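Have a look at the structure below, then the notes.
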Amino acid sequence: MKKYDRQYNLFNNNDLYFSGENPLQNIFIDKKIIKEWQEKIITHQSPIFKCGYKDVNQSSLFESSSEELNKPFNPIGLTPLPLSFWRWPKAIHQGPAVYFVIDNIIDSDENIILYIGETISSEKRWKGEHDCKNYLSSYSECLQKANMSTNLNIRFWLDVPIKTKERRILEQQLIKAWLPPFNKETREIWATPFTSQMN
């Protein structure tokens with residue numbers, strides 16, 4: 001039980017309620033705590049959404065015109081798909097991509113990028129095992145228990161380097177800028193409770 005005590009010390013004792021013998025299955029996170037957590041992320045990401053991310057193409061990762069290189073990137077301009085897109089009979093996207101899992105916070109009309117990933121095969125990446133799918137399930141369940149709505153979607157950016165090494169550099173640039181809370185590089189920054197439950 002010491003493991004769980006260590007993981008949940010980011011909350012006050014009154015913020016988490018356990019029932020039964022399985023603390024992971026029956027956890028409840030107070031609505032106020034979830035909103036505060038979301039607000040911290042919105043405060044960081046909102047200015048980037050408004051201006052677009054300008055440093056994404058600084059390196060020579062792309063063979064594009066100089067006009068395209070200077071254009072700010074905003075993942076909100078990408079087509080949103082439901083997280084269940086991979087169950088569709090026809091593949092929506094194929095080939096390499098950087099993808100963004102986004103929640104549209106309904107009562108504030110703000111967006112949060114929860115996760116950024118890269119893949120060589122966008123039509124297959126989400127079909128298999130993926131830590132982020134578990135975090136999203138936990139996140140959705142906690143919000144539902146707190147009587148909060150979630151509007152999750154995934155967006156694929158296909159105009160990315162074909163070489164994996166270059167694509168990963170791009171992914172890391174984007175993670176460094178947006179600080180999405182479900183990426184392992186940033187979880188400690190946001191004290192993300194939904195990932196702690198799954199570890």
Inset, instruction - For I105, enumerate residues with amide H under 5 Å from its amide H, sequence gap 5+ or separate chain, H modeled in the peptide plane. - result: E110, N111, I112
Legend entry - Flagged links, alpha-carbon separation over 28 Å, of K54/K184; K54/K145; K54/K165; K50/K145: K54/K145; K50/K145
Legend entry - Whole-Hz couplings from phi, Karplus 6.51/-1.76/1.60, listed for segment 143-157; x for Gly and Pro: 5, 4, 5, 8, 6, 10, 8, 9, 10, 7, 8, 10, 10, 9, 9
Legend entry - Karplus 3J(HN,Hα) series, Hz, for segment 35-42 with 6.51 cos²θ - 1.76 cosθ + 1.60 (x for Gly, Pro): 4, 5, 4, 4, 4, 4, 5, 4
Legend entry - Label-to-label distance, nm, for residues given as I76 and N151 (7 Å Cα→Cβ offset): 1.2 nm
Legend entry - Estimated FRET transfer efficiency (F28, E188; beta-carbon r; R0 35 Å; 0.05): 0.95
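Readers should treat all values here as calculations from the given coordinates under stated rules, not as data from a laboratory. Just so we're clear, the structure is a prediction, and the values are computed from it rather than from any experiment. Ideal geometry is used to build each Cβ from the backbone, glycine not excepted, and the neighbour counts take in all protein chains shown.
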